[in-house]
Amino acid sequence: MTLIPVEHVLIFSLLLFAIGLYGTLTRRNIIGILISIELMLNAANINLVVFAKTTSLSPETGQVFAVFVIAIAAVTVAVGLAIVLALYRSRKTIFADEVHLLKW
Amino acid sequence: MEILTLAAKIGAYALMTGVLLFALGVVALRNLFHSALCLAAALIGIAGLYLFFRADFLAAVQILLYVGAVMTVIIFAIMLTEHLSGKTTIQHNRQSLPAFLGIAALVTVIAKVILQTPWPVTQKALGAHTSVEGIGTALMTVYVFPFEVISVVLIAALIGAVIIAKRENPS
């Protein structure tokens with residue numbers, strides 16, 4: 001970590017987050033949206049690890065919370081895909097713009 | 001030693017570039033199965049970056065949980081709903097341009113902030129080595145409350161996922 005300036009890693013994770021955000025906003029397929037959300041969570045994780053390595057007072061803090069983020073990501077995928085399967089069973093579609101029952 | 005440092009530096013930048021390219025593949029590819037494979041590659045690249053940052057335990061967790069478990073579930077769901085995404089199906093909605101413009105503005109602002117902020121680097125943190133033992137101790141002492149909350153959330157999500165996914169009227 002002494003090799004690379006912190007800014008470069010932060011810019012990298014910012015770009016990763018932006019790509020994930022773009023995918024979340026433009027994908028029609030709900031599974032595609034979930035995949036893009038995983039990218040965004042990973043970008044946040046990289047930031048946590050880098051700050052734990054460079055600026056943190058206790059080196060474990062960032063990694064512990066990165067583990068928590070990974071657990072939350074697993075929860076997101078499990079519940080999200082359960083919802084996708086239930087939706088597919090009842091509406092025969094997994095495209096987000098075709099599910100507009102509550103849209104006015 | 002000089003060459004070794006240079007090689008590590010080049011390797012880290014190459015890893016970052018690769019991860020970004022695979023992330024672009026995740027977002028842009030039409031076939032969802034291909035983009036899931038790209039996601040797996042990007043996740044493995046991020047695990048390599050964790051190794052570069054000396055976060056060995058996190059790299060192992062990343063490979064085991066993300067590439068092992070999450071990718072399996074995602075590919076399972078893609079296979080179940082595969083015939084919906086034929087070659088003619090439009091995969092992106094019509095918000096591409098506004099989304100791109102908004103995100104470009106966001107990236108510009110945040111990048112400017114990142115480049116103007118002086119990031120303090122504490123030598124103590126740089127020299128510290130985080131062992132699995134240290135992480136385990138931190139989980140069980142300082143962060144025991146978030147740890148318990150995560151356990152409750154996991155249990156609730158497991159039960160919720162089973163209840164949502166099961167058939168409603170087994171007749």
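The values are calculated or read from the model by the stated rules, or taken from the named source; none is laboratory data. All values reported here derive from a predicted model rather than from experimental measurement. For neighbour counting, all protein chains shown are included, and Cβ atoms are generated from backbone atoms with ideal geometry for every residue, glycine included.
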| query | Identify, please: which residue in the stretch A:48-72 is surrounded by 20 or more Cβ atoms within 10 Å (Cβ to Cβ) and more than 7 Å from chain B (Cβ to nearest Cβ) and is, among those, modelled with the highest pLDDT? | reply | A:Leu48
| note | Residue set A:Ala82, A:Ala78, A:Ala86, A:Ala96; condition surrounded by fewer than 19 Cβ atoms within 10 Å (Cβ to Cβ), more than 21 Å from B:Ala59 (Cβ to Cβ), facing chain B (nearest Cβ under 7 Å) and of a type in the set (Gly, Ala, Ser); output residue A:Ala86
| field | Within the stretch B:73-165, helices (runs of 4 or more DSSP H) holding 3 or more residues that are more than 8 Å from chain A (Cβ to nearest Cβ) and within 29 Å of A:Val77 (Cα to Cα) | value | B:96-116, B:132-140, B:144-165
| request: Check off (1) surrounded by 22 or more Cβ atoms within 10 Å (Cβ to Cβ); (2) in contact with a Gly (Cβ under 7 Å, 6 or more places away or on another chain); (3) modelled with pLDDT of 90 or more for A:Met40 and give me the number that stays unchecked. | output: (1)
| query | Does A:Ile31 satisfy the criteria of being facing chain B (nearest Cβ under 7 Å) and in a loop (DSSP other than H, G, I, E, B)? | reply | no
| said: Every residue in the stretch A:1-19 that is without any contact (Cβ under 8 Å) to a residue 40 or more places away in the chain, facing another protein chain (nearest Cβ under 7 Å) and in a helix (DSSP H, G or I), please. | reply: A:Glu7, A:Ile11, A:Phe12, A:Leu14, A:Leu15, A:Leu16, A:Ala18, A:Ile19
| So B:Gly68 fits all but one of (1) at the interface with another protein chain (Cβ under 9 Å from one of its Cβ atoms); (2) assigned to a helix (DSSP H, G or I); (3) closer than 22 Å to A:Ile70 by Cβ; what number is the exception? | (1)
| field | Set B:Leu6, B:Leu20: member being facing chain A (nearest Cβ under 8 Å), farther than 15 Å from B:Ile74 by Cα, in a helix (DSSP H, G or I) and without any contact (Cβ under 8 Å) to a residue 12 or more places away in the chain | value | B:Leu20
| query | In the stretch B:14-70, which residues are modelled with pLDDT of 90 or more and of a type in the set (S, T, N, Q)? | reply | B:Thr17, B:Ser35, B:Gln62
| query | When both residues are 6+ apart or on different chains and their Cβ atoms are under 8 Å apart, which pairs have a first residue that lies in the stretch A:42-70 and is at negative phi, and a second that is surrounded by fewer than 20 Cβ atoms within 10 Å (Cβ to Cβ) and polar (S, T, N, Q)? | reply | A:Ala52/A:Thr61; A:Thr54/B:Thr122; A:Thr55/B:Thr122; A:Ser56/B:Thr122; A:Leu57/B:Thr122; A:Glu60/B:Thr137; A:Gly62/A:Ser56
| In this structure, is A:Ala18 under 30 Å from B:Pro118 (Cβ atoms) and not acidic (Asp, Glu)? | yes
| note | Reported set for the stretch B:48-63 where residues are surrounded by fewer than 22 Cβ atoms within 10 Å (Cβ to Cβ) and assigned to a helix (DSSP H, G or I) is B:Gly48, B:Leu51, B:Phe52, B:Asp56, B:Phe57, B:Ala59, B:Ala60, B:Val61, B:Ile63
| request: Please go through the stretch A:94-104 and pick out each residue that is closer than 10 Å to A:Arg28 by Cβ and assigned to a loop (DSSP other than H, G, I, E, B). | output: A:Ile94
